[in-house]
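Reading through the structure tokens given below for one structure.
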Amino acid sequence: MAFRFEDLQVWQKAIELDEQINQLIKLFPKEELFILTSPIKRAADSVVLNIAEGSTGQSKAVFKVFLGYSLRSAIEVVSCLFIAQRRKYIDDGLFGELYAEYEILVKMITALKKSI
């Protein structure tokens, strides 16, 4: 692999979940395009992008900052999932699956941040 971030399990998990969110937003009604669809997609992308950007050519301190951004973006995705569930765009089962996966991702980001 050419870039350091590609080897990071946390980045691999984040990009996997990013794709799941990309598929999920196809279920949202069109009127949510700029209300909920855009923020959840932006936040999911941000998790992946901040891990990658922080890991490449940065000091450990700067990488920790980028992991903090990534962590906050993951929490934003979870909040969007709550909204989607309450608006009945996703059922409880799908919500539970994605919630659990993001819980794992948040723990991975936190553990990596603490290890640096």
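Each value in this text was obtained by applying a stated rule to the coordinates, not by laboratory testing. Nothing here was measured: the structure is a model prediction, and the numbers come from that model. Note that each Cβ is placed from the backbone with ideal geometry, even for glycine, and that neighbours are counted across all protein chains shown.
Quick notes
- Longest segment of the chain lacking trypsin sites (Lys or Arg not before Pro) that sit in a DSSP loop with at most 14 other Cβ atoms within 10 Å: 1-86
- Per DSSP, loop chymotrypsin sites (Phe, Trp or Tyr not before Pro) in the stretch 1-83 with at most 16 further Cβ within 10 Å: 3
- Mean shadow area of the chain over all directions, Cα convex hull, nm²: 7.0 nm²
- Kyte-Doolittle mean at least 0.5 and Cα axial length at least 18 Å: DSSP H helices in the chain: 60-86
- Links that overshoot a 28 Å alpha carbon limit, given the list 64/88; 41/64; 88/113; 13/60; 41/113: 64/88; 88/113
- The helix-only estimate of mean residue ellipticity at 222 nm for the chain, built from DSSP H runs of length n ≥ 4 each weighted as -39500 (n - 2.57), is -25500 deg cm²/dmol after division by the residue total.
- Shape call, the stretch 68-114: gyration tensor on alpha carbons, a/c limit 1.5: oblate
- Neighbour net charge for residue 63 - beta-carbon separation under 11 angstrom, K R +1, D E -1: +3
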